[in-house]
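Chemist: First the structure, then my questions, so here it is.
The values are calculated or read from the model by the stated rules, or taken from the named source; none is laboratory data. Quick caveat: nothing in here was measured; it's all calculated off a predicted structure. Here Cβ is always computed from backbone atoms with ideal geometry, including for glycine, and neighbour counts include all displayed protein chains. All accessible areas refer to the heavy atoms of the entire protein, side chains included, with ligands and DNA or RNA removed. Shrake-Rupley method; radii C 1.70, N 1.55, O 1.52, S 1.80 Å.
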Amino acid sequence: MMIRRTLLAALLIPAAALAQTTTTPPTTTPPAPTANPPAAPEQPRPATARVAIETSLGRIVLEVETQRAPITTRNFLRYASEKRLDGAYFYRSVKVADKFGFIQFGADGDPKRSLPPIAHEPTTKTGVKHVDGAISTARLAPGTARGEFTISVGAQPSLDADPTRSGDNLGYAAFGRVVEGMDVVWKILDAPTSPTKGEGVMKGSMLEPRVRIVSVRRLP
């Protein structure tokens, strides 16, 4: 309970002061105006680029972090500029709950599409987290990522690096997010999967049919 107390000050005039023939009111000096502190300069926004993925189900637009995650983003932009993902597929959907899980696309192990592995950029270094719509690079051990990519549906901080965990705690390298076309991402997440295709943890999550990627292009 908020209790407010009002303190009242009484002005007491000494009797001797009443005998004076004239009184001079005290001089009151107005307080100096308080200067507002200068506003902190606005920090420049980290550099990004936009990439459009045209699929058989519609368009997805990504904003990728060219400044904060330069190695991972440069790798993805190279796949786009060299048209290595044109004609590839979204081939996997891991749906944990409604609008929660991830979808996967890329070279699917095709050596003709795949570029060499890249160095791992953990989220603790880049600050790019696995928020809803985050695009990330799939990998096995750190430093093995090539041309397989995932898009998160729902925030998934468990995919971020966490130094407090034991073992491989470097997480996955997020490098951007979806800014248009999450409805297309949801459609892919909800697409039918084969109960038998795939091996190990991938069994039961392979899309059937796969969703074709028409083109991947950097936008002006």
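Chemist: I want to check the label-to-label distance for D86 and D183. Put each point 7 Å from Cα in the C-beta direction and report it in nm to one decimal.
Modeler: In this crude label model, D86 to D183 measures out at 2.8 nm.
Chemist: Net charge within 10 Å of A107 by Cβ-Cβ distance, Lys/Arg positive one each and Asp/Glu negative one each, not counting A107 itself?
Modeler: My count for the surroundings of A107 gives +1.
Chemist: On the first, second and third principal axes, largest extent first, how far apart are the outermost C-alpha atoms of segment 92-153 in Å?
Modeler: On the principal axes, segment 92-153 reaches 35, 28, 16 Å in Cα extent.
Chemist: How far is it, in nm, from the label point at E42 to the one at R59 when both lie 7 Å from their Cα along the line to the Cβ?
Modeler: With each label placed 7 Å out from Cα toward Cβ, I get 2.7 nm.
Chemist: Something else now. Between T196 and K99, 0.36 nm times their residue separation minus their Cα-Cα distance comes to what?
Modeler: 32.6 nm
Chemist: Please work out the C-alpha center-to-center distance from segment 33-71 to segment 175-220 and express it in whole Å.
Modeler: Each part reduced to its Cα centre gives a spacing of 25 Å.
Chemist: Additional query: Bin width 5 Å, origin at 0, all Cα-Cα pairs of segment 77-212: what percent of pairs per bin?
Modeler: Whole-percent P(r) values from 0 Å outward: 2, 10, 19, 23, 22, 16, 6, 1, 0.
Chemist: Looking at P195, F100, S166, which one has the Cα that reaches farthest to the positive end of the dipole of segment 63-220 (charges on Cβ: Lys, Arg +1; Asp, Glu -1)?
Modeler: Result: P195.
Chemist: Here is a further query. Roughly how much of D86 is accessible, in Å² to the nearest 10, using a 1.4 Å probe?
Modeler: Probe radius 1.4 Å; accessible area of D86 about 40 Å².
Chemist: For V96, V216, V131, write out the residues from largest to smallest accessible area, computed with a 1.4 angstrom probe and no ligands counted.
Modeler: V96, V131, V216
Chemist: Ok, one more. Under a 5 Å amide H to amide H cut-off, with H placed in plane at 1.01 Å, what residues pair with T48 once short-range neighbours are removed?
Modeler: T66
Chemist: Pop out the ³J(HN,Hα) list for segment 158-175 in order, Karplus 6.51 cos²θ - 1.76 cosθ + 1.60 with θ = phi - 60°, rounded to Hz; leave Gly and Pro as x.
Modeler: 5, 8, 6, 5, 9, x, 7, 7, 7, x, 6, 10, 8, x, 10, 8, 6, 9
Chemist: At 1.4 Å probe size, with every protein chain present, just tell me what the per residue accessible area of segment 179-220 comes to in Å².
Modeler: So segment 179-220 comes to 62 Å² accessible per residue, rounded to a whole number.
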